[in-house]
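Taking it in order: structure first as structure tokens, then the write-up.
The values are calculated or read from the model by the stated rules, or taken from the named source; none is laboratory data. Keep in mind it's a predicted model, so treat the numbers as computed, not measured. Here Cβ is always computed from backbone atoms with ideal geometry, including for glycine, and neighbour counts include all displayed protein chains. We work out accessible area using only protein heavy atoms, side chains counted, and drop any ligands, DNA or RNA first. Shrake-Rupley method; radii C 1.70, N 1.55, O 1.52, S 1.80 Å.
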Amino acid sequence: MMLKATIDADILKESIDAISALVTECRLHTDETGISTRAVDTANVAMISFHLKKEAFESFSSTKSELGLDIAKIKNIFGMMGKENLLALELPDEGHKLKVSFEGYQYSITLLDPNTIRKDPNIPNINLPGKVVLSGSELNNAIKAAAVVSDKIALGIDPATQTFYMVAEGDTDHIRREFGKTEVNFINGAEARSLFSLDYLKDMGKVMSRAEEVELSLGIDHPANFSFYLAGGNGHVEYLLAPRIEAD
Amino acid sequence: MGVALRDILNDYKTAVGWDSLGGIAALDAHNALYQFLSIIRQPDGTPLMDREGRVTSHLSGILFRTVNFIEKGIKPVYVFDGPPPAFKQETIEHRRSQRKEAGERWQEALERGDTEEAYKQARASSRIDDYVIESSRTLLGLMGIPCIDAPSEGEAQAAHMVITGDARYMVSQDYDTLLFGAPLLVRNLTVSGRRKIHGRTVTLNPEKIILEEVTRGLKISREDLVKVAILVGTDFNSGVKGIGAKTALKIIQKQEFESIAMEKMPDTDYQSIMDFFLNPPVHSDYSLKWDTPDQDGILEMLCETHDFSEERVKKALEGLGVTTGQKTLDAWF
């Protein structure tokens, strides 16, 4: 058996949501320690690194292998799952169909040939000096507020005042949200400011809203890195988002 | 020009949505340019031209197809042919004379006022010359799209890039790419989705062919598939008259390739052709880098030099993301 596992439906759903925020298909790596994927969205603007430890599962056994997942399809299939039910996954050796059973349903899901999916991107080499930790729901709320007036948002750190700020500039309207020391934990308050597309952040924000804490790393006109845990600390997600060019 | 394997591949074509085609696509440049030159024509067969009479059909094709790709999250890389292998000479000469004849028949049809025939002959006279290649490279360079030179056949190089994982799939209309081992071939990636076939306009949707599904389904190896192609006829040999893909497949499955080949095409050095398909010369030391398009350069080349409408080109450039300012992660990898 290549993979045999049972998992809480909610944890699986949360994991799929995290991946589907960026990509519609991915190469999933499994080994005895758990499952992981690293994928870049089609436009090469954002990357997800995802890892779910075997401790996140009720039971887990796997050999080292690589599966091609149609994430969009799986998201639709699991859309009807109730929470807090256990779900069983099974993939025979050399199998092309993943067997999933939950709530009395037996699914057989055809996997994609991993060779037809983009290969894993390398880990980029980026130095992001500004680091803050804030609540995922606060972050998501600020993203949602910004999306009302604009399609882009600036994220920055002002070292002088030790504030983390988000600014969205619309054609007619303007939103600024500042987070002081009481709301944000500064790991490194170095100067930072970059502009990002809210199209991407909205989808990522929904996923991050469930995380108690998100560690955000920023630079000047550099990508932003969002790092957070799910599944009670047994799952880890990193989103890397390329900046937009600030117009003069 | 390809190999007539359609009859045995039809079952392995699956429709594929544009949405799922994101990623790096290796384009067989000659195949794409030939398509542009043959399709982008006026009703009487006259290609698009600037005021000095230079053909611009290919430039129009490159611009709009590339923009369409980028909008769909596809990152194209164009792979150009290098010098052809010696045994392609016969095919090349044959095509040259076919084009010349088509050119003459086009003129005759125009004189008679037979527009339909003129269009048909004009298409068949399409020719990729140095001007077409150089101007294509210049435009692609301005658009920030990488061009790679194959040591020999472009299809082989592009297939190699898919095999190594540097590209996700190959874009070509030709099935040869499968013979060169491309794991995934995507066809019909045209902007309009329409194409003229035998004088009728039909709608074409993108379709993919996965090599592994073909070989598994037909219960033959890639080597066998090459043998089928050699019997049918490839770019490098004319095949056996009267043997189509289905018959050839049966011959291979019955393991009668060697005997039929010896009997029906004694002068064909099929071993060299097989070697070429299975182990073609390819480069591994290329770099793939997509640059920010040079908006002013593109406008100057297309609008000032080649008389394109400035409005249309500017609109196309918006699709390239020149104006949105979104960076990609490429700069940090």
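What is the average number of partner chain Cβ atoms found within 10 Å of a Cβ in B:67-80? Kindly include the intermediate steps, with their values, before the conclusion.
Values: counts 0, 0, 0, 1, 1, 2, 5, 2, 3, 0, 0, 0, 0, 0.
Mean number of neighbouring Cβ atoms from other chains: 1.
Based on Cβ point charges of +1 for Lys and Arg and -1 for Asp and Glu, what charge dipole magnitude is obtained for the protein assembly as shown about its Cα centre, in debye rounded to the nearest 20?
Numbers: 65 positive and 87 negative charges, 271 e Å.
So the magnitude is around 1300 debye.
Using the alpha-carbon atoms, what tilt in degrees (0 to 90, nearest 10) does helix A:9-20 show relative to the longest principal axis of chain A?
The answer is roughly 60 degrees.
Chain pair B, A: how much accessible area is buried, both chains summed, with a 1.4 Å probe, in Å² to 100? The partial results should precede the final answer.
Numbers: alone 16710 and 12360 Å², together 26890 Å².
The buried area between B and A, both sides summed, comes to about 2200 Å².
Pick from B:L231, B:L110, B:L63 the residue whose mean-square fluctuation is largest in a GNM of chain B, springs joining Cα atoms under 10 Å.
Result: B:L110 has the largest fluctuation of those listed.
Report the Cα centroid-to-centroid distance between the range A:205-248 and the range A:160-179 in angstrom, as an integer.
After rounding, the separation between the Cα centres reads 18 Å.
Name the residues of the range A:29-45 whose accessible area falls by at least 50 Å² when all protein chains are present instead of the chain alone, probe 1.4 Å?
For the range A:29-45, once contacts with the other chains are taken into account, A:T42, A:N44 lose 50 Å² or more.
Given a 10 angstrom Cα cut-off, can you work out which residue in A:D17, A:D93, A:D70 is the most mobile in a GNM of chain A?
A:D93
Send over a whole-number figure in Å² for the accessible area per residue of chain A, probe 1.4 Å.
Details: 11320 Å² over 248 residues.
I get 46 Å² per residue for this part.
Could you pull out every one of the lysines with an alpha carbon less than 24 Å from that of B:K120, ignoring same-chain neighbours closer than 8 positions?
Candidates past the 8-residue exclusion: B:K100, B:K196.
Work out which GluC sites (Glu not before Pro) in chain B are exposed loop sites (DSSP not H, G, I, E or B, at most 14 other Cβ within 10 Å) and give the longest gap free of them.
Values: sites that count: B:E52, B:E256.
The longest such stretch corresponds to B:53-255.
Mind checking the dipole of the range B:6-219: about its Cα centre, +1 per Lys or Arg Cβ, -1 per Asp or Glu Cβ, Debye to the nearest 20?
Details: 28 positive and 30 negative charges, 104 e Å.
I would put it at about 500 debye.
Only four residue types carry charge here, +1 at the Cβ of Lys and Arg and -1 at the Cβ of Asp and Glu. Report the dipole size of the range A:3-116 about the Cα centre in Debye, rounded to the nearest 20.
Values: 12 positive and 18 negative charges, 24 e Å.
I would put it at about 120 debye.
Inside 10 Å of the C-beta atoms of A:192-200, what's the mean count of C-beta atoms belonging to other chains?
On the way: counts 0, 0, 1, 3, 1, 4, 0, 1, 1.
What the average comes to for A:192-200 is 1.
Remind me, relative contact order of the range A:130-241 in percent, using alpha carbon pairs under 8 angstrom and six or more residues apart? Walk me through the numbers on the way to the answer.
On the way: 258 pairs, mean separation 35.2, N = 112.
Relative CO of the range A:130-241 lands at 31 percent.
Taking only Cα atoms and a 10 Å spring cutoff, compute GNM fluctuations for chain A and point out the largest among A:F228, A:F60, A:F164.
Looking only at A:F228, A:F60, A:F164, the biggest GNM fluctuation is shown by A:F60.
Residue by residue, what Karplus-based ³J(HN,Hα) values in Hz, rounded to whole numbers, does the range A:226-243 have, using 6.51, -1.76 and 1.60 with θ = phi - 60° and x for Gly and Pro?
Whole-Hz 3J(HN,Hα) from phi for the range A:226-243: 10, 10, 7, 10, 9, 6, x, x, 8, x, 10, 10, 10, 10, 10, 10, 6, x.
Which of the listed residues, A:T6, A:G156, A:V23, is farthest toward the dipole's positive end in chain A, when Lys, Arg count +1 and Asp, Glu count -1 at the beta-carbon?
Towards the positive end, the residue furthest out is A:T6.
Taking the Cα centroid of the range B:48-100 and of the range A:36-77, what is the distance between the two, rounded to the nearest whole Å?
Here the answer is 39 Å between Cα centres.
Restricting to lysines 8 or more places apart or on different chains, can you count the pairs in the range A:130-241 with Cα atoms under 12 Å from each other? Show your work: numbers first, answer last.
On the way: A:K144/A:K152; A:K144/A:K202; A:K144/A:K206; A:K152/A:K202.
Lysine pairs meeting both conditions in the range A:130-241 amount to 4.
At most 13 other C-beta atoms within 10 Å and a DSSP loop state: those are the exposed trypsin sites (Lys or Arg not before Pro) I care about. Give me the longest piece of chain B that has none. Please report the intermediate quantities before stating the final value.
On the way: sites that count: B:R51, B:K219, B:K241, B:K254, B:K289.
With trypsin sites (Lys or Arg not before Pro) excluded where exposed in loops, chain B gives B:52-218 as its longest stretch.
I'd like the distance separating the alpha-carbon centroids of the range B:213-285 and the range B:303-318, in whole Å.
46 Å
Calculated from DSSP H runs of 4 or more alone, at -39500 (n - 2.57) each and per residue, what is the 222 nm mean residue ellipticity of chain A, nearest 500? Could you put the intermediate results ahead of the total?
Numbers: 4 runs with 45 residues, N = 248.
Counting only the DSSP helices, I get -5500 deg cm²/dmol.
Tell me, what % of the accessible area of the protein assembly as shown is carbon and sulfur with a 1.4 angstrom probe? If you can, show how the numbers build up before the last one.
Numbers: 12560 of 26890 Å².
On the protein assembly as shown, the fraction of accessible area on carbon and sulfur atoms equals 47 percent.
Given a cut-off of under 8 Å on Cα pairs at least six residues apart, what relative contact order in percent is computed for chain B?
Reported as a whole number, the value is 24 percent.
Round to the nearest 10 and give me the degree value, 0 to 90, for the angle of helix B:29-39's Cα axis relative to the longest principal axis of chain B.
70 degrees
Would you calculate, for chain B, the mean residue ellipticity at 222 nm contributed by helices, counting each DSSP H stretch of 4 or more residues as -39,500 (n - 2.57) and dividing by all residues, to the nearest 500?
Working: 15 runs with 151 residues, N = 333.
So the helix-based figure for chain B works out to -13500 deg cm²/dmol.
Straight-line reach only, C-alpha to C-alpha below 20 angstrom: list the lysines that B:K315 could link to, leaving out same-chain residues fewer than 8 apart.
Once the sequence-local lysines are set aside, what remains near B:K315 is B:K72, B:K75, B:K327.
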